[in-house]
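J.: Sharing a structure, written as structure tokens. Questions coming.
The values are calculated or read from the model by the stated rules, or taken from the named source; none is laboratory data. Quick caveat: nothing in here was measured; it's all calculated off a predicted structure. Ideal geometry is used to build each Cβ from the backbone, glycine not excepted, and the neighbour counts take in all protein chains shown.
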Amino acid sequence: MSMKVLIVSDSHGDNTNLKKAIQNMGDYLDLMIHLGDMQCDADVIKGLVKCPVEFVKGNCDGMLGVPAAKLIDIAHHKVFITHGHIYGGKWGIETMKDIARENGADVVMFGHIHEPLIEPYSDVAVINPGSISRPRQEGHRPTYAVMTIEDDGRTDYVLVAM
């Protein structure tokens, strides 16, 4: 059975669309990743789902004890998650990929820029789900990403616009 991971970022204290994204996932949610700028207590985010939640601190978050970046294991993948602001956002993608490589990770997930980006076709996949509440890309539609990992290891990333 496949694994489903909800990837969100930049909710900035407005969890309306985050709740909708969780509802859209239904019972098929195995893990949620919040890439920072939650601007609310992490327990609020955890309380929205029945699955495990991984998160990092963004530049607008003041949570003590929450790292700005970390490595996590998801099924067949080692993933470097960060908000991205300490690496320069989209101008720091190569730096984030280098950090991932140095740590044996094959995926980088970051937020901060409020614009979605999915580049799965290199040695290190790069995923930015955009902003779930304050999008900046053309059309200004809130977005999130879904990572699906099949039992055989095949992995797919889908961007969802709300």
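J.: Just for region 132-162: of the residues that are among the aliphatic types (A, V, I, L, M) and in a strand (DSSP E or B), which one is farthest from residue 35 (Cα to Cα)? Spell out how you get there, then give the answer.
T.: Pass one, region 132-162, residues among the aliphatic types (A, V, I, L, M): 132, 145-147, 149, 158-162.
Right, trim to in a strand (DSSP E or B) and you get 145-147, 149, 158-161.
Working: 145: 11, 146: 13, 147: 14, 149: 19, 158: 17, 159: 15, 160: 16, 161: 17 Å.
Checking each candidate, the answer is 149.
J.: For region 42-77: of the residues being in a helix (DSSP H, G or I) and crowded, with 16+ Cβ neighbours inside 10 Å, which is modelled with the lowest pLDDT? First the steps, then the outcome.
T.: Initially, region 42-77 is screened for residues in a helix (DSSP H, G or I), giving 42-46.
Restricting the remaining residues to those that are crowded, with 16+ Cβ neighbours inside 10 Å gives 42, 45.
Working: 42: 85, 45: 91.
Among those that are in a helix (DSSP H, G or I) and crowded, with 16+ Cβ neighbours inside 10 Å, it is 42.
J.: Still on this structure, I have one more. Considering every residue within region 28-35, establish whether at least one is surrounded by fewer than 16 Cβ atoms within 10 Å (Cβ to Cβ), without any contact (Cβ under 8 Å) to a residue 60 or more places away in the chain and part of a loop (DSSP other than H, G, I, E, B).
T.: So in region 28-35, the residues surrounded by fewer than 16 Cβ atoms within 10 Å (Cβ to Cβ) come out as 28.
From the residues that got through so far, the ones that are without any contact (Cβ under 8 Å) to a residue 60 or more places away in the chain too are 28.
From what's left, part of a loop (DSSP other than H, G, I, E, B): 28.
Checking region 28-35: at least one residue is surrounded by fewer than 16 Cβ atoms within 10 Å (Cβ to Cβ), without any contact (Cβ under 8 Å) to a residue 60 or more places away in the chain and part of a loop (DSSP other than H, G, I, E, B).
J.: Among the candidates 88, 153, which residue alone is over 21 Å from residue 4 (Cβ atoms) and either without any contact (Cβ under 8 Å) to a residue 60 or more places away in the chain or out of contact with any Ser or Thr (no Cβ under 6 Å at 6 or more places or on another chain) (or both)?
T.: On the way: 153 fails: over 21 Å from residue 4 (Cβ atoms).
Within the list 88, 153, the selection yields 88.
J.: Separate question: Give the number of residues within region 104-123 that are of a type outside the set (Gly, Ala, Ser), closer than 15 Å to residue 90 by Cα and in a loop (DSSP other than H, G, I, E, B).
T.: 4
J.: Which ones in region 131-150 are among the acidic types (Asp, Glu) and either buried (at least 24 other Cβ atoms within 10 Å of the Cβ) or touching a residue at least 12 places away in the same chain (Cβ under 8 Å) (or both)?
T.: So in region 131-150, the residues among the acidic types (Asp, Glu) come out as 138, 150.
Passing the criteria: only 150.
J.: Applying the selection to region 6-27, what residues are out of contact with any Ser or Thr (no Cβ under 7 Å at 6 or more places or on another chain) and surrounded by 20 or more Cβ atoms within 10 Å (Cβ to Cβ)?
T.: If the condition is that a residue be out of contact with any Ser or Thr (no Cβ under 7 Å at 6 or more places or on another chain) and surrounded by 20 or more Cβ atoms within 10 Å (Cβ to Cβ), then 6, 7, 8, 15, 21 are the ones that fit.
J.: While we're here: Does residue 38 meet the test of being in contact with a Leu (Cβ under 6 Å, 6 or more places away or on another chain) and surrounded by 19 or more Cβ atoms within 10 Å (Cβ to Cβ)? Reasoning before the result, please.
T.: On the way: in contact with a Leu (Cβ under 6 Å, 6 or more places away or on another chain): no; surrounded by 19 or more Cβ atoms within 10 Å (Cβ to Cβ): yes.
No: the conditions fail for residue 38.
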